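For reference, the structure discussed in these notes is given below.
The values are calculated or read from the model by the stated rules, or taken from the named source; none is laboratory data. Here the structure is a predicted model, which means the values were calculated and not measured. So basically every Cβ, Gly included, is an ideal-geometry build from the backbone, and we count neighbours across all protein chains shown. Accessible surface is based on the protein model in full, side chains and every heavy atom, while ligands, DNA and RNA are left aside. Shrake-Rupley method; radii C 1.70, N 1.55, O 1.52, S 1.80 Å.
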Amino acid sequence: MPGGGREVAESCVDSLNLELVATYCKRLHPNKPELAARRIEAIGYQVGLQLAERYTKERPRFADHLEAIKFICKDFWAEVFRKQVDNLKTNHRGVFVLQDNKFRWLTRISVDSAPPGEAAQMDVNAAANASRASQAAGQYLYFPCGLIRGALTNLGVACAVSAEVSTLPACSFVVRVKV
Amino acid sequence: MASTACFVIVSRNDCPIYESEVGTAPKKDEAAHLHQFILHASLDIVQDVVWTTNAMYLKLVDKFNDLLVSVYVTADTHTRLMLLHDSRNEDGIKNFFQEVHELYIKMLLNPLYVPGSRITSPFFDTRVRTLARKYL
């Protein structure tokens, strides 16, 4: 793009995501989490479309879906999050799982551990922690899901993206390609 | 040196979202229809060629009498920038396409622009014509 690349502090993007979630989920649609999720995802979709167009300007086009997903895992992730996706799994039938062990936008989120006095029930705690983690962090992953969906759609891969988080700050994005 | 040139951007739904005559030849009424017809007819050939290579600039795709069609495809495979011309200026055309691609990306970055709708901005039009004069 013209002029050298202009940069924004990463904390701004982090804070923007936090504020986006706070506004949509608490202020605008407090009783309709689904609607808030769809709105945030739609914003991410548009941004993903535009970013994909920018980042693919110089490189040759993609031969198939796998190439496009690999582009997302390496170049796109590196441009947006300054690291690459740690693990990519596929079942070769249109489902891809992108796993990021230290997702940058989740590094500042922590979950309170279970209150003391229940240390005896360790496995229950693990499960409870996992569900608390996914509840807390799930909302912050709507925007990245939209980002991935927008980028892939603009590269010709129609898909649906959902996110799961088990232990903060690791999370995984499941991409289902629509045939 | 008079040269004919007609430039069209075709979107994913196979609708033209931008078209303009950028040549320096004097305008003839029936020629405009012919130009559009030739460009639309070469869309099929573009579809075939697009899968054979993963470069963006597809060079010369079709020929009609003495008019040539060159095409440049962006990353999503369905947004095609097509140029009908009668000169053989490959480097100039390639640079023209790259500059218009940058302009198109800027259009997309506009949040009020619906991707796939007609580009009606007069600034875009002026810039494309300037680029055409410069490179073609």
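For A:L66, the criteria (1) farther than 25 Å from A:K178 by Cα; (2) out of contact with any Pro (no Cβ under 8 Å at 6 or more places or on another chain) hold in every case but one, which is (1). Out of segment A:153-168, which residues are in contact with a strand residue (DSSP E or B) (Cβ under 9 Å, 6 or more places away or on another chain), touching a residue at least 24 places away in the same chain (Cβ under 8 Å) and more than 10 Å from chain B (Cβ to nearest Cβ)? Within segment A:153-168, A:A163, A:E164, A:V165, A:S166 meet the criteria. Does B:P111 satisfy the criteria of being within 11 Å of chain A (Cβ to nearest Cβ), more than 20 Å from B:T4 (Cα to Cα) and surrounded by fewer than 18 Cβ atoms within 10 Å (Cβ to Cβ)? Yes: the conditions hold for B:P111. No other residue among B:D86, B:D62 is surrounded by 17 or more Cβ atoms within 10 Å (Cβ to Cβ) and at negative phi apart from B:D62. Annotation note: Cβ proximity below 6 Å between a residue of segment B:118-132 that is open to solvent by 50 Å² or more (accessible area, probe 1.4 Å) and a residue that is assigned to a helix (DSSP H, G or I) (sequence gap 6+ or interchain) occurs for B:R127/B:L103. Among the residues of segment B:73-106, those that are away from every other protein chain (no Cβ under 11 Å), in contact (Cβ under 8 Å) with a residue 24 or more places away in the chain and not hydrophobic (A, V, I, L, M, F, W, C) comprise B:R80, B:H85, B:D86, B:S87, B:N89, B:E90, B:G92, B:K94, B:N95.
For segment A:136-179, the set of residues classified as among the β-branched types (V, I, T), over 9 Å from the mean Cα position of the chain (by Cα) and not in a strand (DSSP E or B) consists of A:T153, A:V157, A:T167, A:V179, listed by residue number. For segment B:8-25, a residue qualifies if it is among the small types (G, A, S), open to solvent by 20 Å² or more (accessible area, probe 1.4 Å) and under 13 Å from the mean Cα position of the chain (by Cα), and exactly one does: B:G23.
Within segment B:32-50, the presence of at least one residue that is within 14 Å of chain A (Cβ to nearest Cβ) and either in contact (Cβ under 8 Å) with a residue 60 or more places away in the chain or not β-branched (V, I, T) (or both) is confirmed.
Here are A:A78, A:A163, A:A128, A:A114: which of them is surrounded by fewer than 17 Cβ atoms within 10 Å (Cβ to Cβ) and at pLDDT 80 or above? It would help to see each step written out before you state the result.
On the way: A:A163 fails: surrounded by fewer than 17 Cβ atoms within 10 Å (Cβ to Cβ); A:A128 fails: at pLDDT 80 or above; A:A114 fails: at pLDDT 80 or above.
The match here is A:A78.
Per-residue answers, yes or no, for (1) open to solvent by less than 60 Å² (accessible area, probe 1.4 Å); (2) of a type in the set (S, T, Y); (3) more than 12 Å from the chain's Cα centre (by Cα):
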residue: A:F71; (1), (2), (3): yes, no, yes
residue: A:K74; (1), (2), (3): no, no, yes
residue: A:V97; (1), (2), (3): yes, no, no
residue: A:R104; (1), (2), (3): no, no, no
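Contact annotation: no residue pair with Cβ atoms under 8 Å, 6 or more positions apart or on different chains, pairs a residue in segment A:7-27 that is open to solvent by 50 Å² or more (accessible area, probe 1.4 Å) with a partner that is acidic (D, E). The helices (runs of 4 or more DSSP H) falling completely within segment A:1-116 that include 1 or more residues that are within 14 Å of another protein chain (Cβ to nearest Cβ) and either in contact with a strand residue (DSSP E or B) (Cβ under 9 Å, 6 or more places away or on another chain) or not charged (D, E, K, R) (or both) map to A:33-55, A:65-71.
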